[in-house]
Amino acid sequence: MNVTILYAYPHDGGYNHAVLEAVQAGFSSRTDSTSADTPVHITTLDLYKEGFDPILRFDAEHRRRDLIHDPSTEKYRALIADSDLLVFIFPIWWSGMPAILKGFIDRVFVKGFAYRYKGILPEGLLKGKKAWIITSDDTPGWFARFFEPDYGKVLRHQILGIMCGIKTVRHDSMHYMRASTPRRREAFLQRVQRFASRVRV
């Protein structure tokens, strides 16, 4: 199983980095020499450390429809094409994903690679792949559930599901970080690590 972790958080000392380490540890526990489980190959793409340029550029000579041939994003398309499971780890800022992750989707999940139009409706070209979304935010869970329109839902439904044909197998949300306790934070880390140690696609 090929796993690509798409990580979008700039601070190595923050909670999202602890989430990343827990997920990596869970997957790594399946890859030791004593494991009888299906081999897991893990690639972590840290968008900030990668220095990924999130700005989408096109003009009359460099058309948006030709982004599938952009050499600067070719390695990312190849990585996604080879992945069985995409793991998204990011904080919710202003009800949505960080700009660097949105820009990655704009530039990499392009027409002809991730989707095409069949008549008036989109057809996902990444069917068979799965996704796991892990988010954190500073909003009480009940408020996010009833009053916020995004909080990871746009990525799960519109982008991955409807447009790309990728099924999200799980969405873990750590709500209300600013009022969380060490015990609750640790419990969340243990939960995502356990799921990483046993998920199959």
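When 112, 96, 13 are checked against the criterion of being touching a residue at least 12 places away in the same chain (Cβ under 8 Å), on the phi < 0 side of the Ramachandran plot and of a type in the set (Gly, Ala, Ser), a single residue qualifies: 96.
Of the listed requirements (1) of a type in the set (D, E, K, R); (2) surrounded by fewer than 14 Cβ atoms within 10 Å (Cβ to Cβ); (3) more than 27 Å from residue 21 (Cβ to Cβ); (4) at pLDDT 95 or above, residue 106 misses just one: (2).
Against the list (1) modelled with pLDDT under 95; (2) part of a loop (DSSP other than H, G, I, E, B), the condition residue 83 fails is (1). Within the option set 188, 113, 195, 90, being surrounded by 14 or more Cβ atoms within 10 Å (Cβ to Cβ) and within 12 Å of the chain's Cα centre (by Cα) holds for one residue only, 90. Candidates are the residues of the range 150-182 that are of a type in the set (Ser, Thr, Tyr) and in contact with a Phe, Trp or Tyr (Cβ under 8 Å, 6 or more places away or on another chain); the one that is modelled with the highest pLDDT is 168. Looking at 126, 160, just one residue is aliphatic (A, V, I, L, M) and in a helix (DSSP H, G or I), and that residue is 160. The set of residues in the range 37-79 that are acidic (Asp, Glu) and in a helix (DSSP H, G or I) comprises 50, 66, 74.
Considering only residues in the range 163-181 that are surrounded by 14 or more Cβ atoms within 10 Å (Cβ to Cβ) and assigned to a loop (DSSP other than H, G, I, E, B), the one that is nearest to the chain's Cα centre (by Cα) turns out to be 166.
State which residue is surrounded by the fewest Cβ atoms within 10 Å (Cβ to Cβ) when the search covers only the range 56-76 and only residues that are modelled with pLDDT of 95 or more and within 24 Å of residue 91 (Cα to Cα). Within the range 56-76, the match that is surrounded by the fewest Cβ atoms within 10 Å (Cβ to Cβ) is 73.
Figure legend. Inter-residue proximity from the range 157-168: first residues in contact (Cβ under 8 Å) with a residue 24 or more places away in the chain and under 12 Å from residue 114 (Cβ atoms), second residues of a type in the set (D, E, K, R) and not in a strand (DSSP E or B), beta-carbon distance below 7 Å, spacing 6+ or different chains. Indicated pairs: 165/127; 166/129.
The values are calculated or read from the model by the stated rules, or taken from the named source; none is laboratory data. Here the structure is a predicted model, which is why all the values come from computation and not from measurement. Virtual Cβ from ideal backbone geometry, glycine too; neighbours counted across all protein chains shown.
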